[in-house]
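Enquirer: So that we are looking at the same thing, I have put the structure below in structure tokens.
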Amino acid sequence: MDLTNILFVIAAVFMLFCLYLVLSLRSQFSGGVVGRYWKYLTALVVVFTLGYLALPFFDMLPESALRLTVALVFLFGALYVYLTIKLINSIIKALSS
């Protein structure tokens, strides 16, 4: 197994662990702003986990599909960062009041 495949496996295992964490913490947020953002973050973690598990099959895709995949990863990554910032901002506002 080459270094790239080893990194793929490590990334997929780590992402599965992150999925476990996000799902186990989800029950602590019953609603409100945090609960709503947590649902969105959970959905994005599911999408990323599926993407990580699909990594070994990417070499079977045509170049145009790979470019689209990379563009979607960047888009969903940016959305994840935005939602995380909004979540942290709402928590800070709640703690400040």
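Enquirer: Which pairs turn up if I take residues in the range 32-45 that are free of Cβ contacts under 8 Å to residues at least 24 places away in the same chain and under 14 Å from residue 16 (Cα atoms) and look for partners that are assigned to a helix (DSSP H, G or I) and not polar (S, T, N, Q) with beta carbon separation below 8 Å, at least 6 apart in sequence or on another chain?
Expert: Listed by first residue and then by second, the contacts come to 42/22; 42/23; 42/26.
Enquirer: May I ask you to say which residue of 8, 76 is of a type outside the set (Lys, Arg) and in contact with a Pro (Cβ under 9 Å, 6 or more places away or on another chain)?
Expert: Going through 8, 76 in turn, just one is of a type outside the set (Lys, Arg) and in contact with a Pro (Cβ under 9 Å, 6 or more places away or on another chain): 8.
Enquirer: Considering only the range 7-41, state which residues are more than 19 Å from residue 70 (Cα to Cα), out of contact with any Ser or Thr (no Cβ under 8 Å at 6 or more places or on another chain) and either modelled with pLDDT under 90 or surrounded by 13 or more Cβ atoms within 10 Å (Cβ to Cβ) (or both).
Expert: Within the range 7-41, 25, 27, 28, 29, 30, 31, 32, 35, 36, 38, 39, 40 qualify.
Enquirer: Quick one: in the range 42-79, of everything that is surrounded by 14 or more Cβ atoms within 10 Å (Cβ to Cβ) and aromatic (Phe, Trp, Tyr), which residue is farthest from the chain's Cα centre (by Cα)?
Expert: My answer is 52.
The values are calculated or read from the model by the stated rules, or taken from the named source; none is laboratory data. Note that the structure is a prediction, hence the values are computed from the model and not measured. Cβ sites come from the backbone with ideal geometry, for glycine too, and all protein chains shown count toward neighbours.
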